[in-house]
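Undergrad: Submitted below is the structure of interest, expressed as structure tokens.
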Amino acid sequence: MKTCIRCVFGLWFLFTMCSLQLSTARAQGTAFTYQGRLNDSGGAASGTYNLKFSLFNTNTTGVAIAGPVTNNSVVVSNGLFTVLIDFGAGAFAGQSNWLEIAVATNGVTTFSTLAPRQQLTPTPYAIFAEDAAMLANGAAMGGGNGNSISPSGATDSFIGGGTLNQVLYNSLYAVIDGGQNNIIQANAGLSVIGGGQNNQTASGWSVIGGGNGNSVGSGTVGSTIGGGYFNTNNGNYATVPGGTVLRPA
């Protein structure tokens, strides 16, 4: 899927997230190739541009956890370009990461930051898997693509399959059966996400059966969401069976 985002100075940047690839140019395997399309004033850009990349663990605000990495004089031909990005070892540690990109025309020192940030999927997590070299003690993954279990404290955790599912650090005995982009947050051990997509829990002893966009907040215990769409449970030993909560416009 392609996402088009706009910068305040009229530059348009079209990301092709499926074009992320591991690079074999470096022995340590921490670099990846990023391909995209740049439109300038509504048309395909051609020429040279400077691109600056920073890595964040939130989709807005926050402090960069890696970068910036600047690629100068990037050749853009008919809107298309390819760059190599290397944030180094340890940048991808199993948590969600977002890429922030800024653009400047060649020879201009002021960069225009593009928004929103783009969540990195799935290749950088293959870098994480290579960098980690092992899972946490007793942890296992049954299959899928781009799934990750933190090697730090996620003892005996398990991901059965699916894609882009994550068990973060200090979440021992946690289970994600499958689905897509489900996250058991840090310190949320003994939690289970059955499947669905975009579900996450930040509390231990919690269960999300499935659905889409459901979440259990932090500071609770024993919370359950059966399924449904965009439900939130912030109560101790409370249950939301399913249904939907409409998001504000």
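Undergrad: Could you order the peptides 182-190, 106-114 from most to least packed, using the average number of other C-beta atoms within 10 Å per residue?
TA: 182-190, 106-114
Undergrad: Continuing with this model, one more query. Could you give the nm distance between label points at T109 and N187, where each point is 7 Å from its Cα heading toward the beta carbon?
TA: With each label placed 7 Å out from Cα toward Cβ, I get 4.3 nm.
Undergrad: Highest first, please rank the peptides 153-164, 65-76 by the mean number of other Cβ atoms sitting within 10 Å of their residues.
TA: Peptide ranking by packing, descending: 153-164, 65-76.
Undergrad: What would the Debye equation give as log₁₀ I(q)/I(0) for region 134-241 at q = 0.14 Å⁻¹, counting only Cα atoms as equal point scatterers?
TA: Once normalised to I(0) and log-transformed, intensities are -0.42.
Rule-based calculations on the coordinates, nothing more; no lab input. Keep in mind the model is a prediction, meaning the values are calculated, not measured. Glycine also receives a Cβ, built like all others from the backbone with ideal geometry; neighbour counts cover every protein chain displayed.
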